[in-house]
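No lab work stands behind these numbers, since they all come straight from the coordinates. As the structure is a computational prediction, the values presented were derived from the model and not from experiment. Cβ: placed from backbone, ideal geometry, glycine included. Neighbour counts: every protein chain shown.
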Amino acid sequence: MQSTTRDIHNRKIAVRRWGNGYGVLLPKLYVDALGLKGTDVQTSIKGTSIIVTKARTSQKRVLTLQDMVRGMDKKNRHQLVDFGTPVGKEVW
């Protein structure tokens with residue numbers, strides 16, 4: 001049986017206690033219709049409504065040592081730290 005758009009939009013869902021907060025269990029129909037399975041969502045408030053939207057996926061850039069050194073300047077460069085003489089069996 002195929003659902004109509006009206007079926008998707010006309011649902012009453014309970015807000016339930018979930019750990020230290022509250023949660024709303026989304027019907028499978030919503031998740032399937034919007035392709036939300038296994039994704040993150042973002043929430044916002046508009047008037048008296050809670051808006052749930054699919055979060056944008058960002059490609060995480062892997063930083064190399066060269067990238068990190070390139071981002072250094074006098075403001076974020078740390079001074080050399082002296083940890084003292086070796087106390088155990090450290091090899092220097």
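Any idea what diffusion coefficient segment 35-92 gets from Stokes-Einstein, in µm²/s, Kirkwood Rh on alpha carbon pairs, 20 °C, 1.002 mPa s?
Estimated diffusion coefficient is 122 µm²/s.
At the listed q of 0.16, 0.31 Å⁻¹, the Debye profile of segment 5-54, built from one uniform point per Cα, gives log10 I(q)/I(0) equal to -0.55, -1.33.
Computed over the chain, the per-residue total of -39500 (n - 2.57) for DSSP H runs of n ≥ 4 gives a 222 nm mean residue ellipticity of -4500 deg cm²/dmol, rounded to 500. Taking the fewest neighbouring Cβ atoms within 10 Å as the starting point, the ordered list for 80, 65 is 80, 65. Between residue 9 and residue 37, the modelled labels are 2.6 nm apart [label points 7 Å from Cα along Cα→Cβ].
Sequence gap of 8 or more, or different chains, plus Cα separation below 28 Å: how many lysine pairs satisfy both in the chain? Close lysine pairs found across the chain: 13.
FRET efficiency for residue 57 and residue 79, Cβ-Cβ distance as r, R0 = 41 Å, nearest 0.05? Walk me through the intermediate numbers first.
On the way: r = 39 Å, r/R0 = 0.96.
Efficiency, rounded to the nearest 0.05: 0.55.
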